[in-house]
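S.K.: After the structure tokens below, expect a handful of questions from me.
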Amino acid sequence: MSTPSEAALAKKAARGINRAAVIDANFTRYVSGLAAAGCAPPEPHETIVPGSRLTAGEFLEIFRCQLQSRHLDLQAREMRARNEGFYTIGSAGHEANAVLGFLSRETDPAFLHYRSGGFMMARLAKDPERDPVYETCLALAASSEDPVSGGRHKVWGSDRRLWVLPQTSTIASHLPKALGTAIGLEQAKRLQRPLPLPADSIVVCSFGDASANHATALAGFNAAQWAAYQRLPVPLLFVCEDNGIGISVRTPAGWIEASFARREGLDYFAADGTSPGESFEIAARAVDHCRRRRRPTFLHLRMPRLLGHAGTDWEGDYLELAAIEANEARDPLLPAALLAVESGCLAPAEVLALYEETRARVADAARRAARRPRLESAAEVVATLAPLRADEVHAEAARRPDPADRAAVFGGEARLPEAGSPRHLSLQINRALHDLMATYPEMTLFGEDVARKGGVYTVTAGLAATFRGNRVFNTLLDETTILGMAQGAAYMGLLPFPEIQYLAYLHNACDQVRGEACSLQFFSSGQWANPMVVRVAGLAYQKGFGGHFHNDNSFTALRDIPGLVVACPSRGDDAAGMLRTAAALAKVDGRVVLFLEPIALYMTKDLYTEKDGAWLFPYPPPGEFVPFGAPRAYGPEGPAALVITFGNGVRMALRAARRLGPEAEMKIRVLDLRWLKPLNAAAIVAEADRAGAVLVVDEGRRSGGIAEELFTLLDERARPGLPKARVAGEDSYIPLGPAADTVLVGEAQVEAALRALLEL
């Protein structure tokens, strides 16, 4: 029988040691061994480190913030042990970021790494009405009184006075919107739009060394460099907090410097985050440089990570004890305490007293926070997720642009689109976008090829020439950046209409919608929002071009994103009216709207026969709109068969019904959903209850298609025993050429299903 090795026994013994208690005791023991400086305390304005502008007053403010951050980390673990707290990813070792919270202004938007306790203590201290310690404890306790997320998650964030946009445990996904905020700030200035913050503000964005390798981070760096290379202002301060490890995976020594020190369009600064004087001086230089030069700036702060990744992480599983202890010896609070004593700012006993006073304050805040209420119902949880003030939205959608401005946009009153002949979908979208840009001077439209070319299908033709001043512009080819720019533009008071060229391309960047834009109202208790209308050309049936990247019939990935609105017109007049409502949803309620445009219907003119022109419709004049959630119905009420569909399925269903003959056609009603998320459950059930049977025509796929949601809705809420059937696409990518017809819903399938339901 083998016996445990000495190394195994040592590792087991080490696992039982509370490392939080170790670093706590280390600090006390270290400070107790210091000797008082024996000199008079410096005046608050006096500098205390050679070669650094750090003054005594500044140092003491920052040191207090660092101590608060440390004790919050220690207390978070104690709260978790008592089942009073629910988050233990800490900031221990990263306290140098308090310098940035101090040096940046409260009006400098900040997108923060989750180890930003020091930064937050310093930023929140700028508002004397805030208690950063108690607020953080409320967040740790998931209390509904947490002033940021309302108990929905522990986030580093603030209200609009302090401009820290809430983040959860983000891994680089915030870099694109930080970039977008910097670009949006400068664009709003160029457009002479009112700014929500001073014109010389900068954007601060922090992240870890491991996250710097993430594809989303690389998108942010690349786009910033791309803009700077063209001499466009990008006042963005990237802050890499380099602790040399990502959970358990070490970052190669020197990797961050080697990767970022010599990048075109990115100005590099580096400092030792354990040195109070150096970190303050270099951070001050970086902040000043970014603010003055309006260039992307990269601040590399080297620091240790203490206490592992989170409370459940035992570093001994992947680090030797000697490495753990070496990190603890680099604790930034130790040189900070040394500076406090050697400079004469504080005597050793005063440092220890301050340390213990901070401990007591945090412990008291934690005890109080643990007794505060938490969210208790689903209704409370989702209350801020998807606001809808329908009356205000519809009033906004009906708002007309100035008649003189509108006439100028369209080239005179005689050329107003409602005076013209009925036209197809793409042109009516184009006209609606012209109208909206006349209505909203803050509206911007951007994406790949949308400017001079007018988009790959000419849907945005003429907009760039009509609306000068870079309100319509091309972006680099990166959907993640496009959606990040949209979020940032919205923060700066603009109304962004980004375009994603094809639905399949959206999947490359879906997390910018799912994890970032749509979650912001939820995680900020509605204090922040990402108003935007994302236009996406998509769905299938495009002939002579494409394969699956240009004929993507699945929007399943969008249907489960909380708070997202998905709109899908099938005809031109609906598209114009729905765009007005979409803009109003964004403007009034801060909603993220995805406007899905069926490519195959862009130029469609006919319905039943060639050149019948029955799929051309007049342009709705200003003031007319499609109410949010309202479907459109064709055919008699109380039919023998109700077809529920959307997009290309509407035209297919109408054609299939016609082929059954006049008598059968009069028994069929086609319901165009128009708004695909959220579904108008009440309207759908009411239509179904009046019908003899229901056929769902879903041009998506059998698995994950909207038919599944519709069937569930009808099973749960429609009359019992309602006969129903569906036709849907195969679970397949779309092949090139005629083979596409083998996996997509066809009119023959719709006709056959109707025959079966009608027993023809």
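S.K.: Has the range 315-328 got any residue that is in the same structural domain as Ala76 (by TED's automatic domain parsing), more than 36 Å from the chain's Cα centre (by Cα) and closer than 30 Å to Pro42 by Cα? Talk me through it step by step, then tell me what you get.
M.R.: As a first pass, look at the range 315-328 and keep what is in the same structural domain as Ala76 (by TED's automatic domain parsing): 315-328.
With more than 36 Å from the chain's Cα centre (by Cα) added as a condition, the list becomes 320-323, 325-326.
Of the ones still in play, those that are also closer than 30 Å to Pro42 by Cα are none.
No, the conditions are met nowhere in the range 315-328.
S.K.: Turning to a different aspect of this structure: Is it the case that Glu380 is surrounded by 15 or more Cβ atoms within 10 Å (Cβ to Cβ) and acidic (Asp, Glu)?
M.R.: It is true that Glu380 is surrounded by 15 or more Cβ atoms within 10 Å (Cβ to Cβ) and acidic (Asp, Glu).
S.K.: Which of the numbered conditions does Glu597 fail, given that it passes all the others? Conditions: (1) assigned by TED's automatic domain parsing to the domain that holds Arg535; (2) modelled with pLDDT under 95.
M.R.: With (1) assigned by TED's automatic domain parsing to the domain that holds Arg535; (2) modelled with pLDDT under 95 applied to Glu597, the lone miss is (2).
S.K.: Filtering the range 699-745 down to residues that are surrounded by 15 or more Cβ atoms within 10 Å (Cβ to Cβ) and β-branched (Val, Ile, Thr), which residue is modelled with the lowest pLDDT?
M.R.: Ile734
S.K.: So, one more: Test Ala752 against the criterion of being in a helix (DSSP H, G or I), at pLDDT 95 or above and either assigned by TED's automatic domain parsing to the domain that holds Pro639 or among the hydrophobic types (A, V, I, L, M, F, W, C) (or both), and give yes or no.
M.R.: Details: in a helix (DSSP H, G or I): yes; at pLDDT 95 or above: yes; either assigned by TED's automatic domain parsing to the domain that holds Pro639 or among the hydrophobic types (A, V, I, L, M, F, W, C) (or both): yes.
The answer is yes for Ala752.
S.K.: Does Ala586 satisfy the condition of being of a type in the set (A, V, I, L, M), assigned to a helix (DSSP H, G or I) and over 26 Å from the mean Cα position of the chain (by Cα)? Full working, then the answer.
M.R.: Numbers: of a type in the set (A, V, I, L, M): yes; assigned to a helix (DSSP H, G or I): yes; over 26 Å from the mean Cα position of the chain (by Cα): no.
It is false that Ala586 is of a type in the set (A, V, I, L, M), assigned to a helix (DSSP H, G or I) and over 26 Å from the mean Cα position of the chain (by Cα).
S.K.: Okay, next question. Any idea which residue in the range 348-376 is farthest from the chain's Cα centre (by Cα), counting only those that are in contact (Cβ under 8 Å) with a residue 60 or more places away in the chain and closer than 26 Å to Asp272 by Cβ?
M.R.: Pro348
S.K.: Please go through the range 550-583 and pick out each residue that is within 23 Å of Pro735 (Cα to Cα) and over 24 Å from the mean Cα position of the chain (by Cα).
M.R.: If the condition is that a residue be within 23 Å of Pro735 (Cα to Cα) and over 24 Å from the mean Cα position of the chain (by Cα), then His550, Asn551, Asn553 are the ones that fit.
Rundown of residues vs (1) outside any loop (DSSP other than H, G, I, E, B); (2) outside the structural domain of Val249 (by TED's automatic domain parsing); (3) on the phi > 0 side of the Ramachandran plot; (4) modelled with pLDDT of 95 or more, yes/no style:
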residue	(1), (2), (3), (4)
Thr312	no, no, no, no
Val341	yes, no, no, yes
Cys345	no, no, no, yes
Tyr355	yes, no, no, yes
Ala360	yes, no, no, yes
Ala363	yes, no, no, yes
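S.K.: So in the range 384-394, with the set limited to residues that are touching a residue at least 12 places away in the same chain (Cβ under 8 Å) and not β-branched (Val, Ile, Thr), which one is farthest from Phe625 (Cα to Cα)?
M.R.: Checking each candidate, the answer is Leu385.
S.K.: Further, regarding this structure: Here is a check on your reading of the model: is Glu637 farther than 28 Å from Ser421 by Cβ and among the charged types (D, E, K, R)?
M.R.: Spelling it out, Glu637 is indeed farther than 28 Å from Ser421 by Cβ and among the charged types (D, E, K, R).
S.K.: Report, by residue number, each residue of the range 657-709 that is within 41 Å of the chain's Cα centre (by Cα), aliphatic (A, V, I, L, M) and farther than 19 Å from Leu539 by Cα.
M.R.: Of everything in the range 657-709, those that are within 41 Å of the chain's Cα centre (by Cα), aliphatic (A, V, I, L, M) and farther than 19 Å from Leu539 by Cα turn out to be Val670, Ala681, Ala682, Ala683, Ile684, Val685, Ala686, Ala688, Val694, Leu695.
S.K.: Next up: Restricting attention to the range 711-749, report how many residues are among the basic types (Lys, Arg) and part of a helix (DSSP H, G or I).
M.R.: Of the residues in the range 711-749, 1 are among the basic types (Lys, Arg) and part of a helix (DSSP H, G or I).
S.K.: List the pairs whose first member sits in the range 720-746 and is within 19 Å of Phe555 (Cα to Cα), whose second member is surrounded by 16 or more Cβ atoms within 10 Å (Cβ to Cβ) and of a type in the set (Lys, Arg), and whose Cβ atoms are under 9 Å apart, counting only residues at least 6 apart or on separate chains?
M.R.: Ala728/Arg701; Gly729/Arg701; Glu730/Arg701; Asp731/Arg701; Ser732/Arg701; Val743/Arg701
S.K.: Kindly indicate which of Glu325, Glu264, Glu315, Glu278 is of a type in the set (D, E, K, R) and touching a Phe, Trp or Tyr at 6+ places or on another chain (Cβ under 8 Å).
M.R.: Answer to the selection: Glu264.
S.K.: At pLDDT below 95 and not charged (D, E, K, R) - does that describe any residue in the range 63-78?
M.R.: no
S.K.: A follow-up question, please. Scan (1) surrounded by fewer than 22 Cβ atoms within 10 Å (Cβ to Cβ); (2) modelled with pLDDT of 95 or more; (3) out of contact with any Cys (no Cβ under 6 Å at 6 or more places or on another chain) for the single condition Ile561 breaks and write down its number.
M.R.: Every listed condition holds for Ile561 apart from (3).
S.K.: With a cut-off of at least 2 residues that are assigned by TED's automatic domain parsing to the domain that holds Leu433, closer than 19 Å to Ala748 by Cα and of a type outside the set (Val, Ile, Thr), name the helices (runs of 4 or more DSSP H) lying wholly within the range 612-710.
M.R.: none
S.K.: Oh, and also: Identify all residues within the range 448-460 that are out of contact with any helix residue (DSSP H, G or I) (no Cβ under 6 Å at 6 or more places or on another chain) and crowded, with 20+ Cβ neighbours inside 10 Å; write none if there are none.
M.R.: Passing the criteria: Glu448, Val450, Gly455, Thr460.
S.K.: For the range 149-165, indicate whether the set of residues that are within 16 Å of Arg294 (Cα to Cα) and surrounded by fewer than 22 Cβ atoms within 10 Å (Cβ to Cβ) is non-empty.
M.R.: no
S.K.: If you don't mind, another one. Looking at the range 72-90, which of its residues are closer than 25 Å to Pro348 by Cβ and either within 28 Å of the chain's Cα centre (by Cα) or crowded, with 23+ Cβ neighbours inside 10 Å (or both)?
M.R.: Leu72, Asp73, Gln75
S.K.: Looking at the range 535-544, is at least one residue assigned to a loop (DSSP other than H, G, I, E, B) and under 26 Å from Arg152 (Cβ atoms)? Break it down stepwise before answering.
M.R.: Filtering the range 535-544 down to residues assigned to a loop (DSSP other than H, G, I, E, B) leaves 539-544.
Then drop every residue that is not under 26 Å from Arg152 (Cβ atoms), which leaves none.
Looking through the range 535-544, none of the residues is assigned to a loop (DSSP other than H, G, I, E, B) and under 26 Å from Arg152 (Cβ atoms).
S.K.: Out of all the residues in the range 325-338, which are buried (at least 20 other Cβ atoms within 10 Å of the Cβ) and not acidic (Asp, Glu)?
M.R.: Asn327, Pro332, Leu333, Ala336, Ala337
S.K.: Against the definition (of a type in the set (S, T, N, Q), surrounded by fewer than 23 Cβ atoms within 10 Å (Cβ to Cβ) and within 21 Å of Tyr87 (Cα to Cα)), how does Ser116 come out, yes or no?
M.R.: No, not satisfied.
S.K.: Being touching a His at 6+ places or on another chain (Cβ under 7 Å), surrounded by fewer than 24 Cβ atoms within 10 Å (Cβ to Cβ) and not polar (S, T, N, Q) is true for just one of Ala310, Ala284, Ala270. Which residue is that?
M.R.: Ala270
The values are calculated or read from the model by the stated rules, or taken from the named source; none is laboratory data. Just so we're clear, the structure is a prediction, and the values are computed from it rather than from any experiment. Quick reminder, even Gly has a Cβ in these numbers, built from the backbone with ideal geometry, and neighbours come from all protein chains shown.
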